[in-house]
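The structure appears right after this line, and notes come after that.
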Amino acid sequence: MSNHAPALAIDDSQREVLVALSRSQVASHREVQRAQVLLMASEGLANEWIARVVGVNPGTVRAWRARFAQDGLAKFGAVRAGRGRKPVIPESKIAEIVWLTQNTKPEAETHWSVRSMAARVGVSPAQVQRIWAARGLKPHLVKTFKLSNDPNFDEKLIDVCGLYLNPPENAIVLCMDELCEASH
């Protein structure tokens with residue numbers, strides 16, 4: 001437990017924020033750990049001891065101390081460039097998935113499913129789902145309106161619209177879609 005580092009200088013407002021973060025139930029685990037490390041460092045405790053108590057490496061304690069001394073709380077939760085999880089799928093593969101989803105249909109199918117797209121481009125269905133969700137893509141939803149090919153459609157349309165716009169007195173106008181009726 002030798003080599004005590006000098007106490008980290010923290011003002012009262014910073015201490016208040018760090019204490020709240022160190023006790024937080026909703027902040028990320030990493031932010032809670034970092035707040036605990038910085039509070040202990042402000043008491044002048046050894047980096048090795050802080051690391052053991054909080055459950056991080058001594059090098060992490062030193063890095064967090066240095067970063068706080070340089071930036072304060074300004075970049076507290078930010079992950080430094082080059083750190084963190086690396087993308088598993090290259091941007092070109094993501095662009096291909098998006099383009100195929102928006103511009104093509106699988107052979108003998110009406111739309112792409114996550115499984116059919118995953119098989120086509122060679123990624124997992126979960127990865128396709130995440131890509132679609134992040135971009136709001138929903139290929140299973142129909143985006144077009146199809147008019148009836150009934151030869152009497154015009155007259156029926158006028159009759160139905162007339163009922164809605166000018167219903168008979170004391171009448172209740174109900175509408176049922178024949179596709180919904182057939183599925184029940």
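Brief remarks on what is shown
- Entry remark, segment 1-39: residues being touching a residue at least 60 places away in the same chain (Cβ under 8 Å) and surrounded by 18 or more Cβ atoms within 10 Å (Cβ to Cβ) number 1 in total.
- Looking across segment 40-53 at every residue that is of a type in the set (A, V, I, L, M, F, W, C) and open to solvent by 20 Å² or more (accessible area, probe 1.4 Å), the one that is nearest to PRO6 (Cα to Cα) is identified as LEU45.
- Every residue from segment 63-93 that is in a helix (DSSP H, G or I), of a type outside the set (A, V, I, L, M, F, W, C) and in contact (Cβ under 8 Å) with a residue 40 or more places away in the chain: ARG65
The values are calculated or read from the model by the stated rules, or taken from the named source; none is laboratory data. Note that the coordinates shown come from a computational prediction; the quantities given were computed from them, not determined experimentally. With ideal geometry, Cβ positions are generated from the backbone for all residues, glycine too; neighbour counts draw on all protein chains shown. Side chains are part of the model used for accessible areas, which takes the heavy atoms of the whole protein and leaves out ligands, DNA and RNA. Shrake-Rupley method; radii C 1.70, N 1.55, O 1.52, S 1.80 Å.
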